[in-house]
Amino acid sequence: MKRYMMVCLLVLCATGVFAQQNDTVKRLEEVNIGARRNGGLTRMSGAVNGQQIGQDELFRAACCNLGESFVNNPSVDVNYNDAAVGAKQIKLLGLGGQYVQMLVEGLPMPSGAFMPYQLGQVPGAWMRSISVSKGTSSVKQGAQSITGQIDVEYLKPEEEPGLLVNLYGDSRLRAEGNVVANVHLNKHLSTELLAHWDKDFGHHDDDGDGWHDSPAVRQCQLQNRWKYAHGRYIMHAGFGVMDESREGGQLLSFTANPYRVLVDSRRYEAYMKHAYLINREHNTNIALLSSVSDGALGGTFGNRTYDNKQQGLTSQLVLEHNFNDKHSISSGISFAADRLDETLTTLPKSLVTEYTPGAYVQYTFTPTYRFMLMAGLRADRFMPADEEHRWLYTPRMHIKWLPADWVTLRATTGKGFRVTHPLAENHYLMASGRTLDIPYTLIPEEAWNSGISAVFYIPVKERNVTLNAEYYYTDFLHQAVVDYDSNPLAISIYDLNGRSFSHTAQVDATYPVSDEWEVMVAFRLNRVMCTYGNVLREKPLQSRYKGLATLSWKPMMGLWQVDLTFQMNGPGRMPEPYELADGSLSWEREFPAYPQLNIQVTREFRHFSVYVGGENLTNYRQPNPIINAANPWSATFEPTMIWGPVHGVMAYGGIRMNFWRM
């Protein structure tokens, strides 16, 4: 491993990195000065359908981490995967987060065994904005985007020097602290230090079943980021470390032989980005991006143990050129290397090494401001060691049309690929008492995604109602299927043998009633089907619909803000149950619809703000989230079938201090 890391670091230093955000020097040169927070929710102006969530929008909720940043978002859902390790998952277009390409400033987030926890490992206080796009997105960052792309922007080293401190605590005895410090060493060089700490001091069992409702988590993170800009050259670089532990399972005071769930992980990361503007008139620029990571995760799940060591390297060289106002092109080459060393008590040790060189070209045609066409093609050579090599081709197209000033139409179609590591990405399933049939590797997942959307701006009493309507269809050619249904006492993951698809339709409307009031309502329908054991079924643990309503009140020139969020999550199918000795079923075939209500009140001061709030004020909790909790060592024990909240009412409060001119 040390030799591998040395090679990665040498490549990192030699190759550097690629540009920030949209991969252009022009974007790298942008500097936002001032202590005021960024804007709220805005729609992306390009051909891809998406939104940018600014700090004003993020601060409408506690937003302790990325997983808590979508409370007010009608498109993105965040749910627990299980009640044992507290793994959370994003759902977009009715499908799981593994089909969403997760990025931090254009660089891939950790994958493999870190994927189930990545939402909780991006501190909310570090985030400047989040870009959420739907569909297959651009081919620039890779082929992994199938249902969408989420790109997180952190606070920048070049922002005004000073100190930002965020403190948080809640009624579940969770405490958190964040620090962001900026220093300008001279007019060309600036640096930033980001620190994060959180810890659960309580062990909660609100339903009295003798189990943690969710694990007690302790996490520490530290990052140091740099920017150098001189003339036409810009460099960004940084490194960081993350350490986390999770303690779940039965309470030690409940039994003499408790079923423990313990997960410890540590990860090191480094990156560099270099960009050079060749021609300002045509925005001709070349950019180089590289990142390297080294991580280890170890878990105990009752009598099962799992260990994972993984390293990753990505590098990309990009050239962009605008021929004129109508024609522009972006092209690039890339290389990715991944190494996973896995050990599970019930399986032989596995060492997987994969290399993926690739190239892409993307053309954008903008004859007028009313029309834009963006077409791209990507080719990647997937080269796992000791296995068959294969070419992965990724065509994509996006169209934007403004037939009138009050309406914007978009259409998209394209293919996406994703290399999957079934055991690493689903290791939380080892908390189940069922027999597990999970391979170390499967062939890459492949899917087509197509969608249409329309945004209407309708004048009502001197203000505009923004009405959005959209529909997306995803069709899988290859998929890693997680099968709960074929055998109620086993969980299997295997290659798709049949059909798998999803239909998603959504309508949402936003209206600023006055300078102080804004209301948003949304409704979404999901129909997600997959073949389990040669039978086409509705995907389990997936709500068929979601309703959302938000109300924001900002009186007294914005010194106060009150935000109210109401969700109605629809019913869905449970995995196939089995029959008990008395003839009854082990669980219901359907789970019901359930409501959730959140509220937050914020008071702004000159250099700080104070906020208090409450989550899940309806106090709805999934009944019996752990199946057969009294017999954890049996084959019928099941903590991974979570469809609703596992916590009741929770109150919280915090303070954000902004010392920009100390």
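Numbers below:
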{"item": "Within the range 574-597, backbone nitrogen closer than 19 Å to the virtual label 7 Å beyond the Cα of Arg527 toward Cβ", "result": "574"}
{"item": "Relative contact order (percent, whole number), the chain, Cα cutoff 8 Å, 6+ residue spacing", "result": "12"}
{"item": "Sites excluded, trypsin sites (Lys or Arg not before Pro) in DSSP loops with at most 16 other C-beta within 10 Å, longest stretch of the chain", "result": "37-186"}
{"item": "Within straight-line cross-link reach of Lys349, lysines at Cα separation under 20 Å, skipping those fewer than 8 residues along the same chain", "result": "Lys2, Lys309"}
{"item": "Candidate lysines for bridging to Lys91, where Cα separation is under 20 Å - those fewer than 8 sequence places away on the same chain excluded", "result": "Lys134, Lys415, Lys539, Lys546"}
{"item": "All aspartates and glutamates inside 19 Å of Lys187 as judged from Cα atoms, apart from same-chain residues fewer than 8 positions distant", "result": "Glu29, Glu30, Glu158, Glu159, Glu160"}
{"item": "The range 406-547: translational diffusion in µm²/s, Stokes-Einstein, Kirkwood Rh over Cα pairs, 25 °C, 0.890 mPa s", "result": "137"}
{"item": "Rounded if a/c under 1.5, otherwise prolate or oblate - the chain, Cα gyration tensor axes", "result": "rounded"}
{"item": "Positive-pole candidate from Tyr360, His188, Ser214, dipole of the chain, charges at beta carbon", "result": "His188"}
{"item": "Glu579, Glu354 arranged by Cβ crowding within 10 Å, fewest neighbours leading", "result": "Glu579, Glu354"}
{"item": "Spacing of the two label points (7 Å from each Cα toward its C-beta) at Leu409 and Arg537, in nm", "result": "4.1"}
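Any read-out appearing in this document is the output of simple, stated calculations on the displayed coordinates, not a laboratory observation. Every value quoted in this text rests on a predicted model; they were computed, and no experiment measured them. Counting neighbours? That spans all protein chains shown, and the Cβs are built from the backbone with ideal geometry, glycine included.
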